[in-house]
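Report on the following structure.
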Amino acid sequence: MVMKNKLFSIFCTLIFLFYSSSILAKQENSVYQAGILIGLSSGQLDGSSTLEELSKYGNFGLCTVNGAAGELIFLDDKNYLADNTGNAKVISPQTKTPFTTIINFKPEISFYLHNIETMDDLAKAIDQHLPSKNFFYAIKIEGTFAEIKARAIDPQTKPYIPLSEWLKQHQHIFYLKDEAATIVAFRSPD
């Protein structure tokens, strides 16, 4: 996502994250990850975990569904799939995913930001509120955005090809203007 012009007003909430090898459902401050990002990049686009199974580990997260048929957002105990046209809809909890990052979101830091013009400005403003850049954070941003540049890709069918190759011809860019939106994000140390 790229932002241009100004964000009129946004409210950020963050939570400190610690990676945990524990398999305890909804353990505070632990992020659960199913699959690995490099698997998606290499074309491994089928997973065995359902959204229902993964929701035991949290209520806030990001993932994709089998075949990379859209970007999935866990938010407020719902599963929203943004398809290749940018439309989001609630989908079946039985849908499977090859990659998920999810947490039980309980904010520990909250603040308002005004007149943010770029993603770099947003990152710097958020970093000023962090006690350390050495932790993982889940970030929820709610606000009205002058412009959001978003990306979506067409779903694949087997045999899958690496995403870098697929994106060359099957990526769609679209712009949302003057939209109230919620952004789900994770920040990791450099």
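In the stretch 154-185, what count of residues is obtained for those that are part of a strand (DSSP E or B) and either among the polar types (S, T, N, Q) or under 17 Å from ILE38 (Cα atoms) (or both)?
2
When you scan the stretch 93-100, do you find a residue that is among the basic types (Lys, Arg) and either at pLDDT 90 or above or within 22 Å of GLN171 (Cα to Cα) (or both), even just one?
Within the stretch 93-100, one or more residues are among the basic types (Lys, Arg) and either at pLDDT 90 or above or within 22 Å of GLN171 (Cα to Cα) (or both).
Does SER55 meet the test of being of a type in the set (Ser, Thr, Tyr), surrounded by fewer than 22 Cβ atoms within 10 Å (Cβ to Cβ) and within 15 Å of the chain's Cα centre (by Cα)?
So SER55 passes the test.
Name the residue that is farthest from PRO155 (Cα to Cα), counting only residues in the stretch 64-74 that are in contact with a strand residue (DSSP E or B) (Cβ under 7 Å, 6 or more places away or on another chain) and either open to solvent by 20 Å² or more (accessible area, probe 1.4 Å) or among the hydroxyl-bearing types (Ser, Thr, Tyr) (or both).
Step by step, filter the stretch 64-74, then rank; the result is ILE73.
Results for (1) at pLDDT 90 or above; (2) touching a Phe, Trp or Tyr at 6+ places or on another chain (Cβ under 7 Å); (3) open to solvent by 60 Å² or more (accessible area, probe 1.4 Å), shown as yes or no for each residue.
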{"site": "GLU142", "(1), (2), (3)": "yes, yes, yes"}
{"site": "PHE145", "(1), (2), (3)": "no, no, no"}
{"site": "LYS149", "(1), (2), (3)": "no, yes, yes"}
{"site": "ASP154", "(1), (2), (3)": "yes, no, no"}
{"site": "TYR160", "(1), (2), (3)": "yes, no, no"}
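Hey, among ASN79, ASN104, ASN84, which residue is modelled with pLDDT of 90 or more, within 25 Å of ALA34 (Cβ to Cβ) and in contact with a Pro (Cβ under 8 Å, 6 or more places away or on another chain)?
So the residue among ASN79, ASN104, ASN84 that is modelled with pLDDT of 90 or more, within 25 Å of ALA34 (Cβ to Cβ) and in contact with a Pro (Cβ under 8 Å, 6 or more places away or on another chain) is ASN79.
In the stretch 86-122, what residues are surrounded by fewer than 13 Cβ atoms within 10 Å (Cβ to Cβ) and within 17 Å of GLU147 (Cα to Cα)?
Selection gives ASN87, HIS114, ASN115, ASP120.
With the structure loaded, tell me whether GLY61 is open to solvent by less than 20 Å² (accessible area, probe 1.4 Å), over 16 Å from the mean Cα position of the chain (by Cα) and in contact (Cβ under 8 Å) with a residue 60 or more places away in the chain or whether it fails that test.
When the stated conditions are applied, GLY61 does not pass them.
The values are calculated or read from the model by the stated rules, or taken from the named source; none is laboratory data. What you see is a predicted model; the values in this text were computed from it and never measured. Glycine also receives a Cβ, built like all others from the backbone with ideal geometry; neighbour counts cover every protein chain displayed. Note: areas computed on protein heavy atoms with side chains; ligands, DNA, RNA excluded. Shrake-Rupley method; radii C 1.70, N 1.55, O 1.52, S 1.80 Å.
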